[in-house]
Amino acid sequence: MEILTTQGDDPEFVELVKHVIAGCVRDGFPRTIIVIEIDNWFDHKWLGFSGMGRVGFGFYGDYLVDMDTALDEFRQDQITLPPFSPRRVIAEYCFQRDASGNYSSHNPRPYLHERKPAPSSRNLHKRIVDQIDSALLVWFSSNTKQNLRGSLMIYEVKGSEVHPWYAGFAKEQEWRVLQTKGITPEQVQSLIASDAEVRT
């Protein structure tokens, strides 16, 4: 699985991401792997985040008021794509499983993330299960060489179910799991180790 590194990427972090992806692959799953590199670090708040929408304040005391609205964060029951700005999407890779069970690179168009800026609210109804039924969707952060921290977010899509999780990493002597959501640090380490065992 070829994921090109940019000047600001720590190659060791990119390799770690590839190990985790390989650790998530099981017999018959997934049919598609989509990997997106995001400009700079992002935190766990992106997990399950659908976008910003307008919330109306219809009443003020006992009076109906129809003029006040505010922006609020939305998280849908049916998980949608995280609404990263197109300016933050550095690269998008798509790999398809063939009859032998191996993955080969495919042209990712149409891209998972739109390349033109659009209101965040447009994303509120882009449910993942309406677009994909067997996929590993992977987002990882760039600029890890300078930041010495990295982000990894994965949505495992199986039919009508989406299992999202996030792992944050920091580098001292080597990369280590710093924070997780939707998965335990031990499970992340297990995914990394399971692929390492296969390769040795």
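The values are calculated or read from the model by the stated rules, or taken from the named source; none is laboratory data. A quick note: this is a predicted structure, and the numbers were derived from the prediction, not measured. Backbone-built Cβ (ideal geometry, glycine too); neighbour counts: all protein chains shown.
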*Which of the residues belonging to region 20-43 are touching a residue at least 60 places away in the same chain (Cβ under 8 Å) and small (Gly, Ala, Ser)?*
Ala22, Gly23
*Based on what the data block shows, is Ile21 assigned to a helix (DSSP H, G or I) and either modelled with pLDDT of 90 or more or small (Gly, Ala, Ser) (or both)?*
yes
*asked:* Go through (1) at pLDDT 90 or above; (2) buried (at least 18 other Cβ atoms within 10 Å of the Cβ); (3) assigned to a loop (DSSP other than H, G, I, E, B) for Pro83 and report which single condition fails.
replied: (1)
*Could you check, for region 160-170, whether at least one of its residues is over 14 Å from the mean Cα position of the chain (by Cα), outside any strand (DSSP E or B) and modelled with pLDDT of 95 or more?*
no
*Which of (1) within 23 Å of Ile128 (Cα to Cα); (2) surrounded by fewer than 22 Cβ atoms within 10 Å (Cβ to Cβ); (3) at pLDDT 95 or above is the odd one out, the single condition Glu37 does not satisfy?*
(2)
*Can you find even one residue in region 191-200 that is modelled with pLDDT of 95 or more, of a type in the set (Val, Ile, Thr) and surrounded by 14 or more Cβ atoms within 10 Å (Cβ to Cβ)?*
no
*Which one of these does Gly48 not meet: (1) modelled with pLDDT of 85 or more; (2) buried (at least 18 other Cβ atoms within 10 Å of the Cβ)?*
(1)
_Within region 161-178, take every residue that is of a type outside the set (A, V, I, L, M, F, W, C) and either closer than 14 Å to Leu137 by Cα or touching an Asp or Glu at 6+ places or on another chain (Cβ under 8 Å) (or both) and give me the one that is surrounded by the most Cβ atoms within 10 Å (Cβ to Cβ)._
Tyr166
